[in-house]
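S.K.: Would you mind keeping the following structure in view while I ask a few things?
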Amino acid sequence: MMIDRSTSATLDRIFDEMYNLISEANRIPLTDKIIIEESDLAGILDDLKEAIPKEVKSATRLLEEQKAIVTKAHEEADNIVLQAKTEADRILELAKSESERLMRQEEISKQAEAFAEDVKSTALRNQQEMKDEADAYVERVKHDVLQYADDMLGYLSGSLQSALQAVNDNRASVNAERESVMFSRPQRDMELLAMEEEEDEE
């Protein structure tokens, strides 16, 4: 089962906004790093957090619908079996009554009982087959829902990793630039002091 088309479009839009934010961000001179406004990135992440629960709710709703279908199938199977058993019991009762009325017609009674047992056997066999089909259907539903969740998480994982890598790179660049500024300031102070001392000596 693939991700819902509308949800996929929403996620694509969110990631497009993230990529646009990265591509339009101010670049640090002489580097391949960029600066991103925290509020802009936080807004995109909020949209992403809102979209993901909607998809989880959609998957949950689908699972509940499939469970309802399976439950209904079991109920219908039980009803069919119950009707078959009732009919078999009725036939068996008639056969016993007829056997008591015709004591000497033992063969007729045996045939009626055999017929009733055959009806019961057929009903039970049909019940088992329907339950087996329902159980197989449940397994297919579970597999589809798990595949659906895996597809969605795989899609999100790839996109989030790309975005997170860009944010980490940007953060590392800002820290490097900050350290460069801090280390260069003492050097400039020492040069200015040396120039003042030379002027005093003159």
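S.K.: Going by accessible area, probe 1.4 Å, with all protein chains left in place, what is the ranking of Tyr155, Tyr19, largest first?
M.R.: Result, largest first: Tyr19, Tyr155.
S.K.: Rounded to the nearest 10 Å², what accessible area does Glu139 have for a 1.4 Å probe in the complete protein model?
M.R.: The accessible area comes out at roughly 110 Å².
S.K.: Related question: Which lysines does Lys120 reach when only Cα atoms under 30 Å apart count, and residues fewer than 8 places away in its own chain are ignored?
M.R.: Lys67, Lys72, Lys85, Lys96, Lys110, Lys131
S.K.: Can you work out the FRET efficiency for the pair Glu113 and Leu153, with r the C-beta to C-beta distance and R0 = 41 Å, to the nearest 0.05?
M.R.: 0.10
S.K.: Would you mind working out the accessible area per residue for region 76-145, using a 1.4 Å probe, and quoting it in Å²?
M.R.: 74
S.K.: For Arg104 paired with Gln128, estimate the spin-label separation in nm (one decimal), with each label point 7 Å from Cα along the Cα-to-Cβ line.
M.R.: It works out to 4.2 nm between the two label points.
S.K.: If you don't mind, another one. Can you put Asp32, Asp144 in order of accessible area, largest first, using a 1.4 Å probe?
M.R.: Asp32, Asp144
S.K.: List every residue whose amide H lies under 5 Å from the amide H of Ile34, counting only residues 5 or more places away in sequence or on a different chain, with H placed 1.01 Å from N in the peptide plane.
M.R.: Ile28
S.K.: How do Ile28, Ile22 rank by accessible surface area computed with a 1.4 Å probe, from largest to smallest?
M.R.: Descending accessible area places them as Ile22, Ile28.
S.K.: Now a separate question. Given a 1.4 Å probe and every protein chain left where it sits, what share in percent of the accessible area of region 72-173 is carbon and sulfur?
M.R.: On region 72-173, the fraction of accessible area on carbon and sulfur atoms equals 53 percent.
The values are calculated or read from the model by the stated rules, or taken from the named source; none is laboratory data. What you see is a predicted model, and the numbers here were worked out from it, not measured in a lab. Glycine also receives a Cβ, built like all others from the backbone with ideal geometry; neighbour counts cover every protein chain displayed. Just the protein is used for accessible areas: all its heavy atoms, side chains included, with ligands, DNA and RNA removed. Shrake-Rupley method; radii C 1.70, N 1.55, O 1.52, S 1.80 Å.
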